[in-house]
Every structure is written in structure tokens, then in C-alpha cells.
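Encoded as C-alpha cells, the structure appears first; notes follow it.
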Amino acid sequence: MDTIDVENLLDVAVRVAGEAARLAVRMRAEGVGEVDTKSTETDVVTAADRAVETLVVSLLSEARPGDAVLAEESGASGTGSRVRWILDPIDGTVNYVYGLPQYAVSLAAEVDGEVVAGVVVNPVTGEQWSAAAGRGAYRGARRLRCSRVTQLSQTLVATGFGYDARRRAHQAKVLAGLLPRVRDVRRLGAASLDLCFAAEGRVDAYFEKGLSPWDWAAGALIAREAGLLVTGLAGRAPGDGLVVAAPPGVYQQLHDELVDLDAGGGP
Ligand code: LIP
């Protein structure tokens, strides 16, 4: 079977995500425009989500004709390709709507089901995080290394909450149990950026239940390449049950605390 050039996939992801980020910030400057809702009245989608996704899918079809794509707004397209692109056109949509500068274009490339390249761009700050499997994580040209924290009580933990009120009630109970055990908690509003922040130690660790693949595919590779352990709970892979990303010094402490608090449970 032919070898796929991972560096080329990363180059395509960097170029396409950069163009997408420029469109997102340009559209935001013109005003949010039409806002619709999806799973609940707080799960929003904007004209920019749709426009950015359309642009990325078009650019990928030019650069990589025949590749499959899984995108938040249009779902899965293309079959039979070894390469699948996983896209969140605007991760942190609520922040985007409110004009909070914490949202991102997140684009990952899978080969045979394994993510091998990923890029996350904050359109407002211009910060670009990237990684290729086995080749390290970067913000721009800066090589990233995760936190070296070893005590849970000294750990700054990022997390997020779902759009469903019943899930949020359970997540609030988990948070109440965790808060006295850690340094502090941050809820920044975009999983992809939470994972990139963990990759460079702006937070020490991150966890969240109920994410979709496009929220975390690129950020998880970047976090892993910076030295974090990225898993689910109790030996499971990361997924909608839970994504937990933590440095080796506190991973087991945080994992076990999340198991005790039933962070992967509830509605
Ligand atoms: C968001 C995630 C975030 C989560 C939000 C939302 P979206 O994704 O990135 O971590 O807490 O509830 O799911 O909906 O902005 O693409």
C-alpha cells in the first residue's frame, strides 16, 4: 500500500486552516449575522460556521481530491479514501457570537483511522498550533512541552459543559467535587484551544464529556505530541464519553478523581 506523505497533509492543513481563519475573523468584523440553533436553544450555528466549512471543504477537494471529510455542520462525505479530514469550522461558536476572542478553526487529517496531522488556529490572535504524529507539537515555530506539575492540588484544570441542561446539572456536580482538589478551574469555551493551552502549559490539564470528534481531533494530537496523556476513562479511548488530557505527573490523580466523581456518567 502506498505511503502517504504526512508532512504534505500538515502543509495542506496549515494552509487551509489559515485561509479559513481569515474568513472567520473577516465575517465576525462584519457582524455575526444569522444565528440558528441545533440540539438545544443554546447550541448555536452561524452563517460564518457554514461559510468557513464550505471554504475548507472546497479547498480540500482542490488540494486532496477524493479524500473523505467529517465536518461539524455538513457531516460525513466521501468514502473509500485512506485519508479523512476532521473539521470544526468555528470551535467555540458561543464565544464567536459574543465577540469573545477564544474560538478556533480546528482541522485534523486521519490516515487509516489514526490522526496524523492537526492544526488549530485562533483567528483573532493569529496563533497557530500544529503537530504531525511523532514530530512534535508547535505554536508557530516554538516547540511545545506540557506542564511538569506533579500534585493535583497545584493543577490548573480546563473543562467545558454540554448544551443540554440535564447534562450540565451532572457536570456541575462533578465540578463541585473537583474544585476543592485542584489549584483552580478554567472554562474557556473551545475544546480545541483548551487542548492547545494544555500542550503549552497555559493550563495544566483538561477534561470534558460529550465532545464531538471535530472538537478534539486536532487538539488531542497536539497535546499528545507535547507530552500529555490523552485518553478516556478506565482504559477507554478519548471520545464523547470523556476526553481527559493531563501531564504524566498528575494524569493518574486526575483520572482517578474523575472516575470517583463519575465525570463520564450522567445524561
Ligand atoms: C464547543 C466545545 C467546548 C464545549 C462547548 C461546545 P462548539 O464546541 O469546543 O469545549 O464546552 O459546549 O461544545 O459547539 O463551539 O463547536
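A search for C-beta distances below 8 Å between a residue of region 47-63 that is surrounded by fewer than 19 Cβ atoms within 10 Å (Cβ to Cβ) and any residue that is among the acidic types (Asp, Glu) and part of a helix (DSSP H, G or I), counting only pairs 6+ apart in sequence or on different chains, returns Leu55/Glu19; Leu59/Glu19.
Residues in region 212-229 that are buried (at least 24 other Cβ atoms within 10 Å of the Cβ) and either over 16 Å from Gly140 (Cβ atoms) or within 14 Å of the ligand (Cβ to nearest atom) (or both): Asp215, Trp216, Ala217, Ala218, Gly219, Ala220, Leu221, Ala223, Leu228.
Which of the residues spanning region 152-189 are assigned to a helix (DSSP H, G or I), crowded, with 19+ Cβ neighbours inside 10 Å and within 10 Å of the ligand (Cβ to nearest atom)?
Gln171
Being part of a loop (DSSP other than H, G, I, E, B) and surrounded by 22 or more Cβ atoms within 10 Å (Cβ to Cβ) is the requirement here; does Val243 meet it? So Val243 does not fit the description; no. Within region 190-209, the set of residues being in a loop (DSSP other than H, G, I, E, B) and under 27 Å from Pro89 (Cβ atoms) comprises Ala190, Glu200, Arg202, Val203, Lys209. Here Asp88, Asp11, Asp2, Asp67 are screened, and the one residue that is closer than 17 Å to Glu110 by Cβ and exposed (fewer than 14 other Cβ atoms within 10 Å of the Cβ) is Asp2.
We did not get these values from a lab; they are worked out from the coordinates using the rules stated. Treat the numbers as computed from the prediction; the structure is a model and nothing was measured. Note that we place each Cβ from the backbone using ideal geometry, even for glycine, and neighbour counts take in every protein chain shown.
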